[in-house]
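Below is one structure, written out as C-alpha cells; the observations come after it.
The values are calculated or read from the model by the stated rules, or taken from the named source; none is laboratory data. Here the structure is a predicted model, which is why all the values come from computation and not from measurement. Heads up, the Cβs are rebuilt from the backbone with ideal geometry, glycines too, and the neighbour counts pull from every protein chain shown. The area values use the complete protein model at the heavy-atom level, side chains included, leaving out ligands, DNA and RNA. Shrake-Rupley method; radii C 1.70, N 1.55, O 1.52, S 1.80 Å.
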Amino acid sequence: MNAFINGKEVRCEPGRTILEAARENGHFIPTLCELADIGHAPGTCRVCLVEIWRDKEAGPQIVTSCTTPVEEGMRIFTRTPEVRRMQRLQVELLLADHDHDCAACARHGDCELQDVAQFVGLTGTRHHFPDYARSRTRDVSSPSVVRDMGKCIRCLRCVAVCRNVQGVDALVVTGNGIGTEIGLRHNRSQSASDCVGCGQCTLVCPVGALAGRDDVERVIDYLYDPEIVTVFQFAPAVRVGLGEEFGLPPGSSVEGQVPTALRLLGADVVLDTNFAADLVIMEEGTELLQRLRGGAKLPLFTSCCPGWVNFAEKHLPDILPHVSTTRSPQQCLGALAKTYLARTMNVAPERMRVVSLMPCTAKKEEAARPEFRRDGVRDVDAVLTTREFARLLRREGIDLAGLEPSPCDDPLMGRATGAAVIFGTTGGVMEAALRTVYHVLNGKELAPVELHALRGYENVREAVVPLGEGNGSVKVAVVHGLKAARQMVEAVLAGKADHVFVEVMACPGGCMDGGGQPRSKRAYNPNAQARRAALFSLDAENALRQSHNNPLIGKVYESFLGEPCSNLSHRLLHTRYGD
Ligand code: HC1
Ligand code: SF4
C-alpha cells in the first residue's frame, strides 16, 4: 500500500497504523500511552496527533496516529502548525492536574512527559489545579512499589503489563471522569492487594506514578554512622544492568566497578550475592535429591524469586508444598553475614547492617518478611534496586564508568562460580543446579558444561536431561513471566505435568529484566539479549563453573554449617512458605 508522509511516498503493509508506518519510515511522532513492545495502543494520551487528507474535498482531519490505519493514497502530515498547537493543548491538559514537583519526582531526569512537553514546545501551563493533583491517592503501604496518582497520566501501560504480560491483574481503573485513577482491585492498598511486587509496572510507567520505594536515604545514614559496620552484597543481574545508568553500552559488565564504588562510599565489607547462589545450589540440589529419593512432593519449584513466591502465596497457594524450602541467595547471605561473618569479624550482629543491591523491587518485601529476622533483627536491613544504587552513586558524586575494577572481599564469602552468575537470566538456576546434581550422582563433571536445551527464550521450556549411567534422566521445566507460571502450576495441580524440577522467575527474562533494573523510554526491556549474553560470558570466563567447586563453599560447610541441609543450614538457610 502507498501513502505519503510529510510529502514523501512510503510503502507499508495493509493494516498498519499511521504511527507504525511513520516509525518504520523514520518519522518521529510523540506518544505517551502507546508501547509497541507489549502491543499497547489505547489512544488515551492523544499526543500522537497528525493531520491527514483522504481526498481534497474532505479536507484535513486531525486524528490519533496510534489508532488510525493507513489508507491507500492517504496524505499524512506530522508537524503542521495546527498539529503542533493541538499536541501542545493535549500536553497542557495532561499537566493541568499533574503534580509539578519535578525536582522531587521518582522519574527526575528520566521523564517521558517532560520529553514530550519539550517536543511540542510547551512554554507554560495555563490551566493548573495543583490542589486537585495533590488530593489524589499516594499509596506508600508496600515495601516494594509506591503508587503516586498525582503523577499519573492514565496511559494504562501499567494495567496492560500487569494483566497481559504477568497475568497478575492487580491494577484496575477506578473512578470516572476527572476522578479516574489507577487503583488496586477491590480498592485495596498496594500492600494488601494481589500485587506481587515484581515492579514490571515501574519499567513501563512513563512518569513518576509507579516507582520502586526509595531507601537511599536510609543507606546513606548507615554509611555515615561510625558505629555501624556496613556489609554490601550485589546480585548477579546488577553487574550487567548498572552500566546503562552511566552511559555504558547495554551488556557491559561492571562486576569489578561495583566493589570499587562501594569502597568509595565507605562500605566496610563487600560481598557477592553469587557466593550465596552457589550455596543455594548445594542446599536446593540436596533438597531435590532428597525429594527424588522419596518423601516430599514433586516437582520441586525454585524459591529464590520473591515475585514468584508472592504470586504462589496470593494466587495459587495449593502449589506451596512444592516450593523449595531453601531461602533465596539474598537471604542466605544476610543470615550468614549476621552469624558466620559477624563471629569471624568479632562484631555484634546488632552493629551490622546488611545492604543488598538487587535488580528487583520484590526483594525489598522479601527482606522485610518476619521469618527472615532473628531476635527481631533483620538478616537483610535494606535493599536498593539497581536504579536506586545508581542514584546513590550520583548523590555521592561517583561516576561508575570511570572506576578501576577491584574484587570483593574474598576470605569468607566474596568469590563465586560461573554457575552462580547465570542465576540472573531465565534458566540459569536450573542449569547451575543440574551441573551440581550430575556431579553428586556421578562423581564427575557434566560435559559439556552448558545445557543449551535450557537456553531458549520461550516462556515455558522443557528438557529431558540424562543424569549419567544408571541414574536415568530427569524432566525439567524453566518458566519466566507469571502468566506462564500460572499455566505451569495449573498443569501440575491437575496432574498433567511429569517434571521433577521447575524454575520460575517472575519477570520476563528473569532478574536481568527485573523491576528494579535500568528502564528505557518508549520501550520494554530492549536490552534483554545484551544483558543475557553478558551473563553467559561471565560464566564462560570464570575458571570455576560449578557451584560445588567454589572453595569458599567447601570452607563454609567445613568450618560452620556442617553439610548441606544440616540442622544449622535448616535454621539459617531454609524456611517454609505457606505455613
Ligand atoms: Fe536474582 Fe537471585 S538471581 S533472585 O533473580 O536467586 O533479584 O540477579 O540476586 O537472591 O543470586 C534477583 C538476580 C538475585 C537471589 C541470586
Ligand atoms: Fe525479582 Fe528476579 Fe523475581 Fe523479577 S525475576 S521478581 S527481579 S527475583
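Condition check ((1) over 19 Å from V161 (Cβ atoms); (2) not in a helix (DSSP H, G or I); (3) not basic (K, R)) across all residues:
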site: N525; (1), (2), (3): no, yes, yes
site: V556; (1), (2), (3): yes, no, yes
site: S559; (1), (2), (3): yes, no, yes
site: P564; (1), (2), (3): yes, yes, yes
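Look at segment 485-522 and say how many of its residues are farther than 26 Å from P143 by Cα and either part of a strand (DSSP E or B) or in contact with a helix residue (DSSP H, G or I) (Cβ under 6 Å, 6 or more places away or on another chain) (or both).
Here the count works out to 5.
If you go through segment 558-577 and keep only what is over 30 Å from the mean Cα position of the chain (by Cα) and open to solvent by 20 Å² or more (accessible area, probe 1.4 Å), you end up with E558, S559, F560, G562, E563, N567, L568. Each residue in segment 233-248 was checked for being more than 8 Å from ligand 1 (Cβ to nearest atom) and either in a helix (DSSP H, G or I) or open to solvent by 10 Å² or more (accessible area, probe 1.4 Å) (or both), and 9 of them qualify. Restricting attention to segment 346-365, the residues that are within 12 Å of ligand 2 (Cβ to nearest atom) and under 14 Å from the mean Cα position of the chain (by Cα) add up to 8. Checking each residue in segment 101-134 for being outside any loop (DSSP other than H, G, I, E, B) and in contact with a Leu (Cβ under 8 Å, 6 or more places away or on another chain) picks out E112, L113, V116, A117.
Out of all the residues in segment 284-316, which are assigned to a helix (DSSP H, G or I), away from ligand 1 (no atom under 16 Å from the Cβ) and either modelled with pLDDT under 95 or more than 23 Å from the chain's Cα centre (by Cα) (or both)? Hits for segment 284-316 are T286, L289, Q290, R291, L292.
On the stretch given as segment 435-469, residues that are open to solvent by 30 Å² or more (accessible area, probe 1.4 Å), hydrophobic (A, V, I, L, M, F, W, C) and under 23 Å from L482 (Cβ atoms) total 1.
Here V504 clears all of (1) open to solvent by 30 Å² or more (accessible area, probe 1.4 Å); (2) of a type in the set (A, V, I, L, M, F, W, C); (3) within 15 Å of ligand 1 (Cβ to nearest atom) except the condition numbered (1).
When segment 166-183 is limited to residues that are touching a residue at least 40 places away in the same chain (Cβ under 8 Å) and out of contact with any helix residue (DSSP H, G or I) (no Cβ under 6 Å at 6 or more places or on another chain), the one that is least open to solvent (accessible area, probe 1.4 Å) turns out to be G183. Of all the listed residues (A534, A540, A485, A477), the sole one being surrounded by fewer than 17 Cβ atoms within 10 Å (Cβ to Cβ) and either aliphatic (A, V, I, L, M) or in contact with a strand residue (DSSP E or B) (Cβ under 8 Å, 6 or more places away or on another chain) (or both) is A540.
Of all residues in segment 7-40, those being open to solvent by 30 Å² or more (accessible area, probe 1.4 Å), assigned to a loop (DSSP other than H, G, I, E, B) and touching a helix residue (DSSP H, G or I) at 6+ places or on another chain (Cβ under 9 Å) number 5. Residues that are in a helix (DSSP H, G or I) and either of a type outside the set (G, A, S) or surrounded by fewer than 24 Cβ atoms within 10 Å (Cβ to Cβ) (or both) within segment 272-283 comprise T273, N274, F275, D278, L279, V280, I281, M282, E283, listed in sequence order. Considering only segment 324-342, state which residues are outside any helix (DSSP H, G or I) and open to solvent by 10 Å² or more (accessible area, probe 1.4 Å). The answer is T325, R327.
Residue-wise test of (1) more than 10 Å from ligand 1 (Cβ to nearest atom); (2) surrounded by 23 or more Cβ atoms within 10 Å (Cβ to Cβ).
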{"site": "R378", "(1), (2)": "yes, no"}
{"site": "R395", "(1), (2)": "yes, no"}
{"site": "P407", "(1), (2)": "yes, no"}
{"site": "A420", "(1), (2)": "no, yes"}
{"site": "G428", "(1), (2)": "no, yes"}
{"site": "A433", "(1), (2)": "yes, yes"}
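Quick one: in segment 249-270, of everything that is in contact with a strand residue (DSSP E or B) (Cβ under 6 Å, 6 or more places away or on another chain) and either at positive phi or in a loop (DSSP other than H, G, I, E, B) (or both), which residue is nearest to ligand 1 (Cβ to nearest atom)? Among them, the one singled out is A267. Filtering segment 68-92 to residues that are closer than 20 Å to E24 by Cα and open to solvent by 70 Å² or more (accessible area, probe 1.4 Å) leaves E71, E72, R75, R79.
In the set (1) of a type outside the set (S, T, N, Q); (2) away from ligand 2 (no atom under 16 Å from the Cβ); (3) closer than 30 Å to E558 by Cα, E245 fails one condition alone, (3).
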